[in-house]
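Worksheet: one structure, shown below.
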Amino acid sequence: LAKTTQPISMDSYEGQEVNITCSHNNIATNDYITWYQQFPSQGPRFIIQGYKTKVTNEVASLFIPADRKSSTLSLPRVSLSDTAVYYCLVGPQYGGNQGGKLIFGQGTELSVKP
Amino acid sequence: DSGVTQTPKHLITATGQRVTLRCSPRSGDLSVYWYQQSLDQGLQFLIQYYNGEERAKGNILERFSAQQFPDLHSELNLSSLELGDSALYFCASSDGGNPTYNEQFFGPGTRLTVL
C-alpha cells in the first residue's frame with residue numbers, strides 16, 4: 001500500500017477555497033485515491049475518489065496530475081461546518097469479498113474561521 | 001446518518017474485564033469492518049467480515065475477536081481489557097456485491113473507557 005503524506009493542519013476563512021495536497025510517490029498502477037472527512041467523535045465519511053485527471057461531485061473536486069504522485073482535494077467556499085480532519089487514502093478498489101481494509105494516515109486538520 | 005448503527009455509545013469498565021460491541025450494517029451491505037481510533041495510534045483497521053466469513057485482518061490483538069452473524073450484524077469482543085484499550089471503536093459497512101470504490105459507511109462509534 002502506498003504511503004501518503006499530508007500537511008498536519010491548515011487554516012482558512014469562511015468563503016475561501018481550500019486545497020489540501022496529498023503526496024503518494026509510490027502509488028501503484030491499480031491504486032485509486034480516496035478522501036474521507038471526519039468530525040470529532042464521529043466516523044469518517046467518504047468525500048470523493050479518483051484515478052486520474054479531475055473528478056468533481058457536489059461537495060468537492062479532486063485533481064490528479066498525469067504522474068499520479070500527488071493529488072489535491074479542493075473544497076470550494078468553505079464554511080465553519082467544514083472544520084474537520086481530512087484523510088487521503090491510496091489503494092486498490094476492491095469487491096466486498098476481498099480484503100477491503102482502509103489505511104488511514106494522520107490526516108489534515110482543517111480549521112475554518114469566521 | 002450513515003445507516004450503520006453501533007451499541008452501546010459509551011462503555012466504562014475496569015481492567016481485566018470483557019466487553020462486547022455490537023454493529024448493524026446498512027441494509028444490504030455484506031461487508032463489515034472494525035476500526036479502533038485512539039489519540040496516539042490514529043484510525044487502525046482491525047478486521048473485516050464478508051457475509052459471515054473473515055476476509056481481512058489488521059492490527060487486531062489476540063485478546064480481541066469478532067464475528068458476523070447470519071443476519072449480518074457483527075460483534076467485537078474485547079477481553080482482558082487494559083488501560084490502553086480505551087479508544088473509539090468504529091464499525092463500517094460496504095456493499096459486497098460490486099466494486100465499492102473504497103466507500104465505506106461508518107457508524108457513530110462506541111467510546112470505550114477502561115479504568
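Kindly indicate which of B:LEU88, B:LEU76, B:LEU21 is within 8 Å of another protein chain (Cβ to nearest Cβ), under 11 Å from the mean Cα position of the chain (by Cα) and farther than 30 Å from A:TYR51 by Cα. Full working, then the answer.
Working: B:LEU76 fails: within 8 Å of another protein chain (Cβ to nearest Cβ); B:LEU21 fails: within 8 Å of another protein chain (Cβ to nearest Cβ).
The match here is B:LEU88.
For the range B:39-115, list the strands (runs of 3 or more DSSP E) that sit wholly inside it and hold at least 3 residues that are surrounded by fewer than 21 Cβ atoms within 10 Å (Cβ to Cβ); which are they?
B:53-57, B:64-68, B:110-114
Take the conditions closer than 18 Å to A:GLN38 by Cβ and modelled with pLDDT of 95 or more and apply them to B:VAL4. Does it pass?
yes
Among A:LEU75, A:LEU102, A:LEU80, A:LEU110, which is the only one that is under 11 Å from the mean Cα position of the chain (by Cα) and of a type in the set (A, V, I, L, M)?
Numbers: A:LEU102 fails: under 11 Å from the mean Cα position of the chain (by Cα); A:LEU80 fails: under 11 Å from the mean Cα position of the chain (by Cα); A:LEU110 fails: under 11 Å from the mean Cα position of the chain (by Cα).
Only one candidate passes the filter, namely A:LEU75.
Scanning for something in contact (Cβ under 8 Å) with a residue 12 or more places away in the chain, assigned to a loop (DSSP other than H, G, I, E, B) and more than 30 Å from B:ASP29 (Cα to Cα), does the range A:90-100 turn up at least one residue? If you could, list the steps in order and put the result at the bottom.
In the first step, residues of the range A:90-100 are kept if they are in contact (Cβ under 8 Å) with a residue 12 or more places away in the chain; the result is A:90-93.
Right, trim to assigned to a loop (DSSP other than H, G, I, E, B) and you get A:93.
Applying the additional criterion that residues be more than 30 Å from B:ASP29 (Cα to Cα) yields none.
Checked against the condition, which is being in contact (Cβ under 8 Å) with a residue 12 or more places away in the chain, assigned to a loop (DSSP other than H, G, I, E, B) and more than 30 Å from B:ASP29 (Cα to Cα), the range A:90-100 yields no hits at all.
Would a scan of the range B:20-30 turn up a residue that is assigned to a helix (DSSP H, G or I), in contact (Cβ under 8 Å) with a residue 40 or more places away in the chain and open to solvent by 50 Å² or more (accessible area, probe 1.4 Å)?
no
Which residues, counting only those in the range B:45-73, are at the interface with chain A (Cβ under 8 Å from one of its Cβ atoms) and out of contact with any Leu (no Cβ under 7 Å at 6 or more places or on another chain)? It would help to see each step written out before you state the result.
Taking the range B:45-73 and keeping what is at the interface with chain A (Cβ under 8 Å from one of its Cβ atoms), we get B:45, B:48, B:50-51, B:55-56, B:58.
Residues satisfying the conditions are B:GLN48, B:ARG55, B:ALA56.
Counting only residues that are buried (at least 16 other Cβ atoms within 10 Å of the Cβ) and under 26 Å from B:GLY107 (Cα atoms), how many does the range A:56-73 have?
Summing the residues that are buried (at least 16 other Cβ atoms within 10 Å of the Cβ) and under 26 Å from B:GLY107 (Cα atoms) in the range A:56-73 gives 4.
The values are calculated or read from the model by the stated rules, or taken from the named source; none is laboratory data. Keep in mind that this is a model prediction, so the values were computed, not measured. Counting neighbours? That spans all protein chains shown, and the Cβs are built from the backbone with ideal geometry, glycine included. Accessible surface areas use protein heavy atoms only, side chains included; no ligands, DNA or RNA. Shrake-Rupley method; radii C 1.70, N 1.55, O 1.52, S 1.80 Å.
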